Amino acid sequence: MLQAEIKSLFKEDISILIKVPNSAKHYLCDCGEASLLTVKEVQSVSAVFISHTHIDHFSNFDGIFRHQIGSGEKVVICGPENIQQQIEARLKSYTWNLIDENAIEYEIREIVSEKEINVYKIRPPKWNVEFVKSQDFLFEDEYVKVDFAILDHKTDSIAYLFKEKDSVSFNENGSEFKKGKWISELKAAFERSENDKEIEIEGTVYKASDLFHLLTRNEGYKLGIIMDHAAEKGNYEKIKTVFGNADLVYIETFYKDEDQEFAKLNYHSYASASGKIMKDCGVKKAVPVHFSRRYMEIDRLEIESAFYKAFGVD
């Protein structure tokens with residue numbers, strides 16, 4: 001099960017780290033100030049997901065690449081339209097005369113629309129962005145597939161859904177056969193829908209589909225990160241489409257209910273609105289995050305109380 005850790009303190013700008021169990025691989029969502037984020041964790045980040053480039057979500061990008069340079073790795077960066085230009089500008093603002101081109105490579109994936117992702121690469125020491133290709137998916141590796149919604153925050157704000165790959169388990173108690181390599185062969189046939197594949201067990205050959213009842217498909221865990229967005233119908237329809245029935249979602253809850261006018265003016269959400277959309281999505285667990293720095297701890301408790309009341313949790 002994917003694990004998420006908020007790496008920013010209450011008064012700091014938001015940053016959330018997602019860890020893959022039994023793996024050294026991490027994903028980082030937003031690059032706000034994050035005093036709880038360690039150098040070791042940064043060096044294990046294989047992909048960075050930027051919601052948008054307001055300063056409170058992007059200010060620590062320099063601190064991130066500071067600890068990645070020299071690794072020789074390729075790191076993926078996903079973000080809204082024109083993210084490649086902003087990353088190029090940040091990288092070119094420093095002097096790199098002691099760094100060679102093999103120190104690191106960033107692959108930048110610019111989200112132009114739901115079906116148009118432009119891919120670029122950028123390397124030291126000149127840091128010139130090079131267009132590679134366009135594709136119709138954002139991110140997928142051996143552990144997760146990432147879906148997204150483009151929300152309105154008076155600029156594009158990308159909300160991300162991380163879904164673990166589905167797994168197939170073998171029902172040992174329901175089988176009369178001894179364990180063997182045939183189980184992995186059966187799972188492979190199940191994954192490929194090879195119903196007629198022959199599976200040999202203890203000298204007898206069976207058709208794979210006759211053994212599929214011994215397997216169970218387990219749906220992958222779904223973890224969402226929804227940052228800054230206006231509390232309005234258009235955004236909610238997109239959130240419902242992508243985040244319906246998610247297992248866990250961290251959602252921006254910037255304002256108290258009594259400050260809804262500020263939320264409307266600044267294209268942010270507020271406590272009960274964020275809680276209600278999570279309830280409407282059928283999310284199993286939701287966590288309010290990213291509160292305005294105008295608030296004190298007592299205000300945070302008020303926000304959380306209103307959020308969970310609207311979510312349907314006392």
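Summary table
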read-out: Residue of Val45, Val146, Val132 that the Gaussian network model of the chain assigns the largest fluctuation, springs spanning Cα pairs under 10 Å; value: Val132
read-out: Carbon plus sulfur fraction of accessible area for the chain, probe 1.4 Å, in percent; value: 46
read-out: Within the chain, percent of DSSP bridges classed antiparallel, to nearest 5; value: 65
read-out: Val119-Gln85 pseudo-label distance in nm [points 7 Å out on the Cα-to-Cβ vector]; value: 2.3
read-out: Pairs beyond 29 Å (Cα-Cα), from Lys121/Lys284; Lys40/Lys92; Lys25/Lys207; Lys40/Lys154; Lys187/Lys240; value: Lys121/Lys284; Lys25/Lys207; Lys40/Lys154; Lys187/Lys240
read-out: Of the GluC sites (Glu not before Pro) in the range 133-200, those whose Cβ has at most 16 other Cβ within 10 Å and which sit in DSSP loop; value: Glu142, Glu176, Glu194
read-out: Highest-fluctuation residue, Cys281, Cys31, Cys78 considered, GNM on the chain with Cα pairs under 10 Å; value: Cys281
read-out: Accessible area per residue in Å² at 1.4 Å probe, computed on the range 192-247; value: 53
read-out: Choice from Ser71, Ser193, Ser59 with maximal GNM fluctuation in the chain (Cα, 10 Å cutoff); value: Ser193
read-out: Accessible surface, per residue, of the range 1-50 when the full set of protein chains is kept, probe 1.4 Å, Å²; value: 39
read-out: Full-extension gain in nm, Glu172 to Lys154, via 0.36 nm per residue minus C-alpha separation; value: 1.1 nm
read-out: Difference of contour (0.36 nm per residue) and Cα-Cα distance, Met1 to Thr216; value: 75.7 nm
read-out: Spin-label pair Lys133/Val112, simplified geometry with 7 Å Cα→Cβ offset, distance in nm; value: 1.5
read-out: q = 0.21 Å⁻¹: log10 I(q)/I(0) that the Debye formula gives for the range 7-141, counting C-alpha atoms only; value: -1.38
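The values are calculated or read from the model by the stated rules, or taken from the named source; none is laboratory data. Here the structure is a predicted model, which is why all the values come from computation and not from measurement. Methodologically, a virtual Cβ is constructed for each residue, glycine included, from the backbone with ideal geometry; neighbour enumeration extends over all protein chains shown. Note: areas computed on protein heavy atoms with side chains; ligands, DNA, RNA excluded. Shrake-Rupley method; radii C 1.70, N 1.55, O 1.52, S 1.80 Å.
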